[in-house]
Amino acid sequence: MTDLDSRIRAVLAAHGRLAGDVESLSETDDLYAAGLTSHASVNVMLALEDEFDIEFPDRLLRKTTFGSIAAIRDAVAELEDAA
Amino acid sequence: MSPTLIERVSHVADKVAAPAAAEVDRDARFPHEAIDALKADKLLSTLIPVELGGEGATIADVARCVEALSQACASTAMIYAMHQIQVACLVRHARSEAMRELMREVVSSQLLLASATTEIGIGGDVKSSSCAVESDGVTFTLEKNAPVISYGAYADVILATARRSPDATPGDQVLVVCRSVDTKLEANGEWNTLGFRGTCSPGFLLSSSGSLEQILEDSYGDISAQTMLPVSHILWAAVWLGIATAATSKARSYVQAAARRSPGVTPPGALRLAELTVVQQQFSALARSAARTFDEADDNVLGSIAFAIDMNTLKLSASQLVVDVVGRAMVITGISGYREDSPYSVGRHLRDAHGAQVMINNDRILANNAQLMLVYRG
């Protein structure tokens, strides 16, 4: 597991309010099916912005951006590269 | 030339809904005659695409129809609006052959569709369910304890939210099409409210079964964000605008009657009427432009935070404007408007108007927008 993945998992564990253990999820598992609500996804987003010192632009503020660990990683990596 | 959609609906509004409106309100009874008249002119299937036998109307078209009905009877208009919201969900999210057949049946049999989204025990949050679809791989069963199902006892089809399966999380919801023939409804309680009394919306214990094709493929979250929520706010706003228009019309008649009694003297109410018209213009511009915005929106717009905020804000504004306008009409019509037995009576409009802020409580919507403010980039 990369450092990026483990930091994302830590944010999800703290703010995602998922039904099960974050560590048991594969990177492509559907986070909404795992219990992520739209309310919790906002907190996850805010915590990711703080953790990685990034800001999600409007075009990435979509349900799909937070749909899986892989999707979050792609978005974070893109924003970190651009920074 | 055949009459336009709005002319057909206005005919039902004037000839059938208006004469029954006072009795529907007084007795809190279902407006049978108006709904039957809408069915007789095939007005329950206006939103169904032409290739399935419907008229392919836009949401803006339907909003104008709802507005016209509401000037006559707000309960009838709310039932019509809620039906069209469910039809819009089918049209935009149902793809199975069984559901296409159902849409053809909405046309041929003028089926009335209702909705069961809230549930006892989840605190009014429609984005989570406790009941779950149980399936054997071919058919489903569903049991749901709903605190409110508007006109549930009169509907042919009820679209109910539920968890996808017994092991799904509360937010992992689907929309299930329950046919009344396969559904048992046990009413719990009466519907005795201040306004919208004719919508007959008590709670029900719903038990239903059917084929798995009756579960819409899209998640309820997507259906809600892209269709059910925006179309609800747009068509409810149209209902409320119709109420405001009816009250405005009474205020206008009152002022003009006073003016006829003393030509040359502008009655004091005329100034208040001019003031009311400022608010009413804002209201109609807001409600009608929202409907056009929805019709022009692509999936990108519908999925955006800006759009969600816009629709929430529409609900907040419209639900307050209707109370404002009807209150002004009451002051203009004075004791005549306050009386329950005068042609200028605004009592029913006033009671209906106050329903707007509590059907999906404004505080809930404001809290939702408050959260969106944390991420919206402007």
Those residues of the stretch B:157-190 which are crowded, with 19+ Cβ neighbours inside 10 Å and in contact with a helix residue (DSSP H, G or I) (Cβ under 8 Å, 6 or more places away or on another chain), in sequence order: B:Val157, B:Ile158, B:Leu159, B:Thr161, B:Gly171, B:Gln173, B:Val174, B:Leu175, B:Val176, B:Val177, B:Cys178, B:Leu185
Filter result (at the interface with chain B (Cβ under 9 Å from one of its Cβ atoms), buried (at least 16 other Cβ atoms within 10 Å of the Cβ) and in a loop (DSSP other than H, G, I, E, B)) within the stretch A:34-83: A:Ala34, A:Gly35, A:Leu36, A:Thr37, A:Phe56, A:Leu61, A:Arg62
Any chance B:Gly152 is within 14 Å of chain A (Cβ to nearest Cβ), surrounded by 22 or more Cβ atoms within 10 Å (Cβ to Cβ), of a type outside the set (Asp, Glu) and in contact (Cβ under 8 Å) with a residue 24 or more places away in the chain: no
Residues that are over 25 Å from B:Val148 (Cα atoms) and more than 10 Å from every other protein chain (Cβ to nearest Cβ), drawn from the stretch B:354-372: B:Ala370
Matching helices (runs of 4 or more DSSP H) fully within the stretch B:1-101 where at least 1 residues are of a type in the set (Asp, Glu) and surrounded by 15 or more Cβ atoms within 10 Å (Cβ to Cβ): B:18-27, B:32-40, B:59-72
Top-ranked residue of the stretch A:17-26 - restricted to ones that are of a type outside the set (Ser, Thr, Tyr) and surrounded by fewer than 15 Cβ atoms within 10 Å (Cβ to Cβ), ranked as nearest to the other protein chains (Cβ to nearest Cβ): A:Gly20
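Residue-by-condition table, conditions (1) within 17 Å of B:His349 (Cα to Cα); (2) modelled with pLDDT of 95 or more; (3) assigned by TED's automatic domain parsing to the domain that holds B:Met78:
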| position | (1), (2), (3) |
| --- | --- |
| B:Phe283 | yes, yes, no |
| B:Ala287 | no, yes, no |
| B:Asp295 | no, yes, no |
| B:Val301 | no, no, no |
| B:Phe307 | no, no, no |
| B:Lys315 | no, yes, no |
Hits in the stretch B:298-316 (condition: free of Cβ contacts under 8 Å to residues at least 12 places away in the same chain and either away from every other protein chain (no Cβ under 11 Å) or within 19 Å of the chain's Cα centre (by Cα) (or both)): B:Asp298, B:Val301
In the stretch B:108-125, residue farthest from B:Ile360 (Cα to Cα) [restricted to those that are out of contact with any strand residue (DSSP E or B) (no Cβ under 7 Å at 6 or more places or on another chain) and surrounded by 14 or more Cβ atoms within 10 Å (Cβ to Cβ)]: B:Gln110
Residue in the stretch A:1-16 that is touching a helix residue (DSSP H, G or I) at 6+ places or on another chain (Cβ under 6 Å) and within 9 Å of chain B (Cβ to nearest Cβ) present: no
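The values are calculated or read from the model by the stated rules, or taken from the named source; none is laboratory data. This one's a predicted model, so the numbers in the text were calculated from it and none came from an experiment. So basically every Cβ, Gly included, is an ideal-geometry build from the backbone, and we count neighbours across all protein chains shown.
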